[in-house]
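Colleague: This is the structure, below, for whatever I ask next.
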Amino acid sequence: MIPADRWKYFSWVLAGFLGGLFIYSGLLKIMDPAAFAGAVKNYRLLPAVFVSAAAIILPWWELAAGVAVWIPKWRRAGALVLAGLACVFLIAVISALIRGLDISCGCFGAHSHRAGLSTLAIDIASLAAAACLLIPSPARPETRGGPGTEGNTLS
Amino acid sequence: MLMSDDLKKALLLLLVASGAAALANGLRPDRLAWFGGSGGEQAVPGGSELTAPRSEDQVLRAWRRGGAVFVDVRSQEEYQQGHIPGALNIPAERKSLHLDSIVSLLPVADRVILYGPRPEVANLYVYLLKFGFSSRHLETFYPGRDFLKKHGRFQKGRKP
């Protein structure tokens with residue numbers, strides 16, 4: 001089992017990277033929503049009527065959740081949202097690969113690459129990182145008020 | 001295990017972010033329409049709404065006839081290795097650095113043919129629409145893997 005103090009540093013580093021990644025990604029999309037809408041549409045997963053709404057909202061969810069994981073009291077809530085987003089992105093990329101679509105992944109606005117194995121790797125890593133942040137700290141008891149409550153170091 | 005407290009916070013986070021998204025989109029001069037793109041707001045182009053790509057023969061004919069502006073959306077390095085004679089180079093990834101070239105296209109924008117890999121072409125296509133180009137005047141061409149390199153007529157300095 002990982003000692004509580006090491007887990008604390010590990011979670012900080014993980015939250016730093018994960019939050020930074022999604023904040024960066026969200027800001028790029030917010031700056032150019034039309035391009036992101038085009039990228040969403042290219043996946044051909046959503047009915048056309050919902051593409052704009054997704055392109056408007058998703059980047060802000062990324063930004064908000066990215067900031068939240070940097071705040072200890074909001075870290076697990078942010079990680080929960082990021083895990084959900086990572087799952088959605090993962091499904092979209094896998095479906096694009098299966099259908100052989102030659103499209104931009106849309107991950108980082110104009111800096112996006114083709115949706116491919118590298119995109120898949122980023123999404124899996126993001127999902128794993130978010131899942132790690134959801135795991136309770138070794139010193140964090142499942143039931144509040146139980147033995148070991150004093151050792152709660154995560155939030 | 002997830003606590004209901006975390007779930008509540010996550011939902012609150014999504015709600016606040018959605019509100020911020022709606023507000024930010026409403027304040028943008030180039031705001032997107034939430035559903036469908038009517039009422040003077042910007043419709044979402046891309047994907048199937050891109051004009052049908054031109055064939056190699058059609059591109060050759062357009063080049064010979066003149067009157068069309070070719071835009072190479074690939075990187076500068078790829079452009080220098082071989083491009084359609086007279087084509088402008090506006091790399092999709094650095095389009096914001098080429099605003100002058102884009103603006104210079106506007107008066108002669110009767111027929112602009114964007115060529116390169118599909119994602120980059122789509123990227124610049126969307127961008128040009130934001131600048132006031134009409135989709136009726138924008139055309140696309142996706143050259144084959146070796147088309148621009150192997151096709152002697154398209155090597156830099158040679159003419160079809």
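The values are calculated or read from the model by the stated rules, or taken from the named source; none is laboratory data. From a predicted model like this one, the values you see are computed outputs, not experimental measurements. We place every Cβ from the backbone using ideal geometry, glycine too, and count neighbours over all the protein chains shown.
Colleague: Is it fair to say residue A:65 is assigned to a helix (DSSP H, G or I), within 11 Å of chain B (Cβ to nearest Cβ), in contact with a strand residue (DSSP E or B) (Cβ under 6 Å, 6 or more places away or on another chain) and touching a residue at least 24 places away in the same chain (Cβ under 8 Å)?
Modeller: Working: assigned to a helix (DSSP H, G or I): yes; within 11 Å of chain B (Cβ to nearest Cβ): yes; in contact with a strand residue (DSSP E or B) (Cβ under 6 Å, 6 or more places away or on another chain): no; touching a residue at least 24 places away in the same chain (Cβ under 8 Å): yes.
In short, no.
Colleague: Specify the residue that is modelled with the highest pLDDT; the eligible residues are those in segment A:108-133 that are surrounded by 15 or more Cβ atoms within 10 Å (Cβ to Cβ) and touching an Asp or Glu at 6+ places or on another chain (Cβ under 8 Å).
Modeller: Among residues in segment A:108-133 that are surrounded by 15 or more Cβ atoms within 10 Å (Cβ to Cβ) and touching an Asp or Glu at 6+ places or on another chain (Cβ under 8 Å), the one modelled with the highest pLDDT is A:114.
Colleague: Contact list please: Cβ distance under 7 Å, first residue in segment A:89-107 and polar (S, T, N, Q), second residue surrounded by fewer than 21 Cβ atoms within 10 Å (Cβ to Cβ) and not in a loop (DSSP other than H, G, I, E, B), pairs at least six apart or on different chains.
Modeller: Matching pairs, first to second residue: A:104/A:114.
Colleague: At pLDDT below 85, surrounded by 21 or more Cβ atoms within 10 Å (Cβ to Cβ), on the phi < 0 side of the Ramachandran plot and facing chain B (nearest Cβ under 7 Å) - does that describe any residue in segment A:77-93? Steps first, answer last, please.
Modeller: Of the residues in segment A:77-93, the ones at pLDDT below 85 are none.
Among the residues of segment A:77-93, not one is at pLDDT below 85, surrounded by 21 or more Cβ atoms within 10 Å (Cβ to Cβ), on the phi < 0 side of the Ramachandran plot and facing chain B (nearest Cβ under 7 Å), which makes the answer no.
Colleague: In segment B:67-101, what residues are among the basic types (Lys, Arg) and modelled with pLDDT under 80?
Modeller: To start, the set of residues in segment B:67-101 that are among the basic types (Lys, Arg) comprises B:74, B:94-95.
Selection gives B:94, B:95.
One line per residue, one yes/no per condition, for (1) more than 9 Å from chain B (Cβ to nearest Cβ); (2) closer than 22 Å to residue B:124 by Cα; (3) of a type in the set (D, E, K, R):
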residue	(1), (2), (3)
A:32	no, yes, yes
A:44	no, yes, yes
A:47	yes, no, no
A:50	no, no, no
A:56	no, yes, no
A:60	no, no, no
A:69	yes, no, no
A:101	yes, yes, no
A:104	no, yes, no
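Colleague: For segment B:102-134, enumerate the residues that are in a loop (DSSP other than H, G, I, E, B), at pLDDT 75 or above and small (Gly, Ala, Ser).
Modeller: Across segment B:102-134, the qualifying residue is only B:116.
Colleague: Restricting segment B:57-76 to residues that are assigned to a loop (DSSP other than H, G, I, E, B) and among the small types (Gly, Ala, Ser), which is surrounded by the most Cβ atoms within 10 Å (Cβ to Cβ)?
Modeller: Restricting attention to segment B:57-76, the residues satisfying the condition of being assigned to a loop (DSSP other than H, G, I, E, B) are B:66-68, B:73-75.
Within this subset, residues satisfying the condition of being among the small types (Gly, Ala, Ser) are B:66-68, B:75.
On the way: B:66: 7, B:67: 9, B:68: 20, B:75: 16.
In this case the residue turns out to be B:68.
Colleague: Under 8 Å by Cβ, and 6 or more places apart or on different chains, what pairs join a residue from segment B:3-32 that is more than 8 Å from chain A (Cβ to nearest Cβ) with one that is among the charged types (D, E, K, R) and exposed (fewer than 13 other Cβ atoms within 10 Å of the Cβ)?
Modeller: Note: no pairs meet the criteria.
Colleague: Same structure, new question: Across segment A:20-30, which residue is nearest to the other protein chains (Cβ to nearest Cβ) among those that are surrounded by fewer than 24 Cβ atoms within 10 Å (Cβ to Cβ) and out of contact with any Pro (no Cβ under 9 Å at 6 or more places or on another chain)?
Modeller: A:23
Colleague: I'd like to know if segment A:73-84 contains one or more residues that are closer than 21 Å to residue A:11 by Cβ and outside any helix (DSSP H, G or I). Show your work before the answer.
Modeller: The first filter runs over segment A:73-84 and keeps only residues closer than 21 Å to residue A:11 by Cβ, leaving A:73-84.
Cutting the leftovers down to outside any helix (DSSP H, G or I) gives us none.
No, the conditions are met nowhere in segment A:73-84.
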